[in-house]
Amino acid sequence: MQGLSALPHTHDQHSFYAKRGWRVLERIEAWDKEHYLMSQDL
């Protein structure tokens, strides 16, 4: 059974979240910036 996941979207703090156990699911280029869809099991 899979647990729940939280999925925030961030364009400038992906390294902050990565240090706290979040994983990058997808990198997106939009509005001339890199954005990241991130996941963490709850």
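Would you mind putting 22-30, 34-42 in packing order, based on average other-beta-carbon counts within 10 Å, highest first? Please list the in-between numbers first.
Details: 22-30: 11.9, 34-42: 14.3.
Going by the mean number of other Cβ atoms within 10 Å, highest first, we get 34-42, 22-30.
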Work out how much length ASP32 to ALA18 would gain on full extension: take 0.36 nm times their residue separation and subtract the Cα-Cα distance, in nm to one decimal.
2.8 nm
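No value in this document is a laboratory result; all are computed from the given coordinates. Values in this document were obtained by computation on a predicted structure and should not be read as measured data. All Cβ positions, even for glycine, are placed from backbone atoms using ideal geometry, and neighbour counts span all protein chains on display.
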